[in-house]
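The structure appears below as structure tokens.
The values are calculated or read from the model by the stated rules, or taken from the named source; none is laboratory data. As the structure is a computational prediction, the values presented were derived from the model and not from experiment. So basically every Cβ, Gly included, is an ideal-geometry build from the backbone, and we count neighbours across all protein chains shown. For the accessible areas, the whole protein counts, side chains as well, though only heavy atoms, and no ligand, DNA or RNA atoms are used. Shrake-Rupley method; radii C 1.70, N 1.55, O 1.52, S 1.80 Å.
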Amino acid sequence: MTFSQKILDWYTLNKRSLPWRNTVNPYKIWLSEIMLQQTRVAQGTSYYLSFEKHFPTIFDLANASEEKVLKLWQGLGYYSRARNLHFTAKHIVNNLNGEFPNTYKELVKLKGVGDYTASAIASISFNEQQAVVDGNVYRVLARYYGVDLPINSTEGVKYFKKLATEVMHTSNIRDYNQGIMEFGALQCSPKKPNCNTCPLSSSCVALEKNLVSTLPIKLKKTKIKKRNFNYLVVVDAVGNTMLQQRKGKGIWQNLYEFPLLEDEVNETNIKELYAKVLPKVEVKSFTLYNKDAIVHKLSHQHLYTHFWILHTNAILEDGITFSELKKYPVPVLIADYIKTL
């Protein structure tokens, strides 16, 4: 029995019941694939169902405000995915009459859609012969065939795509692609893979050579950058506060946050430094909310965060009540703080 047939047989017996597996609608498949990038299925499922409820069609998503899209995405991270999702929905509705491209060649041109996502949509929705290669597939192929090329090197990416194409199941690509990803998630997992019951164990190179724990190989990550975030929670004379929208190309673009002072701040220099971001606010008192920094970990940076409560006798021009804060799309770091108020 071939490698691909064993994967298909395993999938038939072990596949999970997931909401996006009940359809081949390209909009629903695209939505699920974008959400599951860098996200576990257990976390992504509730977000998928929420988006499906609020935006049942691509027209609903295209017509929504970016603020609503970001708010529903809140907590899922990697917010550029949400912005690209919204941009692409508008593009398909406005320029393609709401019709999803139906080939890999056209799908990969969409913003936020790379080789993996285009391959997944093309194969699952349109039955096109395209092999998917995600983290799960890299792991299965690297272990089974004993490939020691780094999966995040240029050579490795090309090699694994070629290998995946060579071994894919051509007569049932739709289930095979979902099957090999599922196999990597459940059977050939990153840690503690279940080799004892694996249908591939008799011919797995990694198992034979005791390389399961070392494959796949990945080049070392970028050095983690440390940043000092000090959020200034202003409370004015009538109990209102303020938020600002993040601009530029950095993290959390277009999300809202309290005024941010990125610096080494203590209870002495805060009285001078706060004016960098709040030059027009005269503060009568400063209170440090959390003595120990809250460390918020992102992929390439760790944010050492403090919240400061600043009271002013003035009335903020664009002040908002604390109860209104929950309406705004904010980073989960801010959302967790708001819950304590």
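Structure notes:
- Those residues of the stretch 9-23 which are exposed (fewer than 15 other Cβ atoms within 10 Å of the Cβ) and in a loop (DSSP other than H, G, I, E, B), in sequence order: ARG16, SER17, THR23
- Matching option when the condition is open to solvent by 40 Å² or more (accessible area, probe 1.4 Å), more than 18 Å from ILE338 (Cα to Cα) and more than 30 Å from the chain's Cα centre (by Cα), among VAL238, VAL283: VAL238
- When the test is whether a residue is acidic (Asp, Glu), open to solvent by 90 Å² or more (accessible area, probe 1.4 Å) and under 23 Å from LYS297 (Cβ atoms), GLU272 does not pass it.
- Pair list, Cβ under 6 Å, 6 or more apart: the stretch 148-175 residue in a loop (DSSP other than H, G, I, E, B), other residue β-branched (Val, Ile, Thr): ASP148/ILE217; PRO150/ILE217
- Single residue of the stretch 24-55 satisfying the filter (among the β-branched types (Val, Ile, Thr) and at pLDDT below 95) that is surrounded by the most Cβ atoms within 10 Å (Cβ to Cβ): THR39
- Enumeration of residues in the stretch 85-110 that are closer than 29 Å to SER299 by Cα, open to solvent by less than 40 Å² (accessible area, probe 1.4 Å) and in a helix (DSSP H, G or I): LEU85, HIS86, THR88, ALA89, LEU107
- Checked against the criteria, LYS158 counts as open to solvent by 30 Å² or more (accessible area, probe 1.4 Å) and over 20 Å from SER4 (Cβ atoms).
- Selection within the stretch 301-322: residues that are in a loop (DSSP other than H, G, I, E, B) and touching a residue at least 24 places away in the same chain (Cβ under 8 Å). The member of this set that is surrounded by the fewest Cβ atoms within 10 Å (Cβ to Cβ) is ASP318.
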